[in-house]
Structure formats: structure tokens, C-alpha cells
Amino acid sequence: MRIGLAVAVVFVLGCSGMMGYGEEISKTSISSGAPFTASVVTIADQPHQLWLNYDLTSAGDFEVDGSLEAKVGGKSIGQWTLQHRPGQPPIVGETSEFSLNTYQLGDRNSGTVWMTELPAQPAGTTVEITGTWTAAPNTQVSILELIVTD
């Protein structure tokens, strides 16, 4: 009985406000080819994680490319290149590929993938994240979102 109760408590407490990858502190919807800006206030003096949530339809392999930059007070704290393809890390130079709820059904691909982390900033720091992500002509975007977690 104790084990069942412990599992229930962990499930209820562990899932509150979380999507399996930390506490979500920002989510920004992105339109293919349009510049975007996300403002994030850090909640701890530690790196925050950047995730890509997507739902794409493509006649062949899907492709989403673009830029990503994080600034504090107008000064760059990180720049990355997005090259999201099936079966590979979405950020150029990253070696980790971690995904959640990722699936492919016919020509539709959906999931949430870890991109990279924002360098640690003092708690309460405002970080501006900008970029432009563009899907290839054969890729139709239903959902394209930048998610920041603690």
C-alpha cells in the first residue's frame, strides 16, 4: 500500500505545471519565415532549457532552418543555428538528441525536442530571444513553438 501511495504522490506532485522537461516559463508561437521575439525572466541562477515543439507535414523529410539569439541588456549571451531534420539534434553543433512525445504518422511529424540551454543568468534577469525560422517549401507548419523551461 505504501508503494502505491508513494507513486500516486510522485505522479501528482511531479506532473503539476510540467510537461516532462521542467517547469515551462515561456512559450512563443512562431510563423514560418517571420521574425519572432520572446521575453523570458529567469527564475533561478542556472541555465534554462530551450525546446522546440512542432507539428509538421511534409511530402519528404521535413526541414526547418533559422537563427536563434539570446540577449541580456542588448548584449548577446548566445547564438545558435537551427537545422531541424528527422533523427538529428535540431541545433548545429549539439550532440544530444532528446525528444518527448515525438511521432511520425505518414507525412505528419510531431514532437518536442531539446535544442540547447541559455547560459546561467541571475534570477530575475530578462532575456530577449529572437530569430527567424523557416520551413522548407515541402514542409507545412501546423505548430512551431519555442518553449523555455527552468
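The values are calculated or read from the model by the stated rules, or taken from the named source; none is laboratory data. Computed from a prediction, not measured in an experiment: that's the story for all the values here. Here Cβ is always computed from backbone atoms with ideal geometry, including for glycine, and neighbour counts include all displayed protein chains.
Scanning region 55-71 turns up at least one residue that is on the phi > 0 side of the Ramachandran plot and touching a strand residue (DSSP E or B) at 6+ places or on another chain (Cβ under 7 Å). The residues of region 61-101 that are of a type in the set (D, E, K, R), part of a strand (DSSP E or B) and touching a residue at least 60 places away in the same chain (Cβ under 8 Å), listed by number, are 65, 69. Counting only residues that are touching a residue at least 60 places away in the same chain (Cβ under 8 Å) and polar (S, T, N, Q), which one in region 102-128 is nearest to residue 87 (Cα to Cα)? Per the criteria, the residue is 112.
Within region 130-150, the residues that satisfy the criterion of being in a loop (DSSP other than H, G, I, E, B) and either more than 13 Å from the chain's Cα centre (by Cα) or crowded, with 19+ Cβ neighbours inside 10 Å (or both) are 136, 137, 138. Checked against the criterion of being touching a Ser or Thr at 6+ places or on another chain (Cβ under 7 Å), at pLDDT below 90 and charged (D, E, K, R), the candidates 63, 69, 24, 94 yield just one match: 94. Going through (1) modelled with pLDDT of 95 or more; (2) out of contact with any His (no Cβ under 8 Å at 6 or more places or on another chain) one by one, residue 52 falls short only on (2).
Every residue, every condition in (1) surrounded by 14 or more Cβ atoms within 10 Å (Cβ to Cβ); (2) among the charged types (D, E, K, R); (3) closer than 19 Å to residue 149 by Cβ, yes or no:
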residue	(1), (2), (3)
67	yes, no, no
70	yes, no, yes
91	yes, no, yes
94	yes, yes, yes
107	yes, yes, no
